[in-house]
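A.B. asks: What follows is a single structure, and I will ask about it in a moment.
The values are calculated or read from the model by the stated rules, or taken from the named source; none is laboratory data. Since the model is a prediction, treat every value here as computed from it, not as a measurement. Cβ placement follows ideal geometry from the backbone for every residue including glycine, while neighbour counts extend to all protein chains displayed. Calculation scope for accessible area: heavy atoms of the full protein, side chains included, ligands and nucleic acids excluded. Shrake-Rupley method; radii C 1.70, N 1.55, O 1.52, S 1.80 Å.
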Amino acid sequence: MAVDVKIPTDLWEEDAEAAITNWLVSDGANVSEGQLIAEIMVEKVQYEIRSPGAGTIQIGLPVETVVAKGGSIATIS
């Protein structure tokens, strides 16, 4: 079963968007649950995204893409 990697909705209140600043894994890599996989920027504050599951990651969006809160940025299957 595939799991979406989403931009968190509870990290900040005012802005509705975040920018992907860095992928810490490569597309097609095997990841474990809880592993750091990406970094995002919101109002000049860097946040780390952890894998919500284990499996092979399929990165859906490149670095510098602006994504809405709750938006999917990758899939793990």
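A.B. asks: Select from the stretch 19-36 the residues that are in a loop (DSSP other than H, G, I, E, B) and hydrophobic (A, V, I, L, M, F, W, C) and list them in ascending order.
C.D. replies: Correct list: LEU24, VAL25, ALA29.
A.B. asks: Only residues in the stretch 25-37 that are closer than 7 Å to ILE57 by Cβ count as the first member; pair them with residues that are modelled with pLDDT of 95 or more and surrounded by fewer than 12 Cβ atoms within 10 Å (Cβ to Cβ), Cβ under 9 angstrom, at least 6 apart or cross-chain, and list the lot.
C.D. replies: Close Cβ pairs (under 9 Å, with a partner that is modelled with pLDDT of 95 or more and surrounded by fewer than 12 Cβ atoms within 10 Å (Cβ to Cβ)) amount to ILE37/GLU48.
A.B. asks: Moving on. On the given criteria, is GLU14 surrounded by fewer than 16 Cβ atoms within 10 Å (Cβ to Cβ), part of a loop (DSSP other than H, G, I, E, B) and of a type outside the set (A, V, I, L, M, F, W, C)?
C.D. replies: Details: surrounded by fewer than 16 Cβ atoms within 10 Å (Cβ to Cβ): yes; part of a loop (DSSP other than H, G, I, E, B): yes; of a type outside the set (A, V, I, L, M, F, W, C): yes.
Considered against the rule, which asks whether it is surrounded by fewer than 16 Cβ atoms within 10 Å (Cβ to Cβ), part of a loop (DSSP other than H, G, I, E, B) and of a type outside the set (A, V, I, L, M, F, W, C), GLU14 comes out as yes.
A.B. asks: Is the stretch 44-54 home to any residue that is farther than 17 Å from ASP10 by Cα and touching a Pro at 6+ places or on another chain (Cβ under 8 Å)?
C.D. replies: Checked the stretch 44-54: no residue is farther than 17 Å from ASP10 by Cα and touching a Pro at 6+ places or on another chain (Cβ under 8 Å).
A.B. asks: Same structure again: Suppose we keep only residues that are over 15 Å from ALA74 (Cα atoms) and aliphatic (A, V, I, L, M) within the stretch 11-27. Which one would you say is modelled with the highest pLDDT?
C.D. replies: Among them, the one singled out is ALA16.
A.B. asks: Are any residues in the stretch 28-50 exposed (fewer than 12 other Cβ atoms within 10 Å of the Cβ), out of contact with any Ser or Thr (no Cβ under 8 Å at 6 or more places or on another chain) and modelled with pLDDT of 95 or more, and if so, which ones?
C.D. replies: GLU48
A.B. asks: Then there is this: Filter the stretch 51-62 down to the residues that are assigned to a strand (DSSP E or B) and either among the hydroxyl-bearing types (Ser, Thr, Tyr) or open to solvent by less than 60 Å² (accessible area, probe 1.4 Å) (or both) and list them by number.
C.D. replies: Across the stretch 51-62, the qualifying residues are GLY55, THR56, ILE57, ILE59.
A.B. asks: Tell me, please, whether a residue that is in a loop (DSSP other than H, G, I, E, B) and small (Gly, Ala, Ser) can be found in the stretch 37-50.
C.D. replies: As a first pass, look at the stretch 37-50 and keep what is in a loop (DSSP other than H, G, I, E, B): 43-44.
Restricting the remaining residues to those that are small (Gly, Ala, Ser) gives none.
Scanning the stretch 37-50 turns up no residue that is in a loop (DSSP other than H, G, I, E, B) and small (Gly, Ala, Ser).
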